[in-house]
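Beneath this line is the structure, given in structure tokens, with notes to follow.
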Amino acid sequence: MYIMKWLGVFNRKNRILLRELVITDFKLRYQGSVLGYIWSILKPLFLFAILYVVFVYVLRMDRGVPHFAVTLLLGIVLWSFFTEATSNGLGSIVNRGDLIRKLNFPKYIIVISGTISSLINLGINLLVVMLFALMNGVEFTWYIFLIIPLVAELYIFAMGIALLLSALNVKFRDTGYIWEIILQAAFYATPIIYPLQMVLERSRVVAEFLFINPVTQIIQDARYVMISQDSSIVRMTDLISDWRLLIPGVIIVVTIVFGSWYFSKKSRFFAEDI
């Protein structure tokens, strides 16, 4: 209901405002830096390089995993988008307090602008991942186009969290610190830097439990569609065949609906509380 209401007021004036906010966010992010927009590519690449050396040459976690470097880089890029989108959304309302007090417009546009800026970065980084995959010998098939709905799924999940966190952060400024701790824990609970089959070899129950997290399901599916000939990539459907397959989708729907409802409920008080 709240989502349809928002779409209804998304008129030309609001679209123009959204576009200007996205452009401003993207320009201000790298203002004053020498490399500018290149940092949006270099940050995940630097993290990838460090983790690759540690987990391939030190811990030897790549054993039996074809194209491990590609799966590692893709996981880092998708996770970086999720953390960036939710973190940008979290502080978006507080950071735009002056604008909110001066103008009357739907406040969710501010949150959307922050997540779209992150989505632009993700698009750039995915092109880099695809180039790296080709250099690594990956042969793309039509499956590669299925990464689009997976990115949309991740974006909707991140948007729901961003709406909820941004509203909470107006009233409770500790929200950012708590979310940082949750993200750190979730990073290691998501099979990004280690293969999921390594977890499966030790405990099938734990491997199945990791798929409760929608980000795990999305990353594993994205890896599969990019490297479709790699049967070593464990997907949720490889382990689960009952009603539990619906859990990630249900979590995403509940998150976006509840986040939208809570944001809409609290948005009328933003100008007073900031």
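Rg and Dmax of the range 127-274, both derived from C-alpha coordinates alone, stand at 18.0, 56 Å. Loop-located GluC sites (Glu not before Pro) across the range 112-196 with a Cβ neighbour count of 12 or fewer within 10 Å are Glu139, with loop assigned by DSSP. Our summary gives the range 131-274 a relative contact order of 42 percent, counting only alpha carbon pairs under 8 angstrom and 6 or more residues apart. Note that the range 138-213 shows a convex hull volume over its alpha carbon atoms of 128 Å³ per residue. Computed from the C-beta positions of Tyr188 and Leu99 and an R0 of 45 Å, the FRET efficiency is 0.75 to the nearest 0.05. A 1.4 Å probe run over the protein chains yields, for the range 123-250, 50 Å² of accessible area per residue, whole-number rounding.
If you take the alpha carbon atoms of the range 78-135 and fit the smallest convex hull around them, that volume is 64 Å³ per residue.
The values are calculated or read from the model by the stated rules, or taken from the named source; none is laboratory data. Note that the structure is predicted; figures quoted are calculated from it, not measured. Heads up, the Cβs are rebuilt from the backbone with ideal geometry, glycines too, and the neighbour counts pull from every protein chain shown. The accessibility values were calculated without ligands, DNA or RNA, using every heavy atom of the protein model including side chains. Shrake-Rupley method; radii C 1.70, N 1.55, O 1.52, S 1.80 Å.
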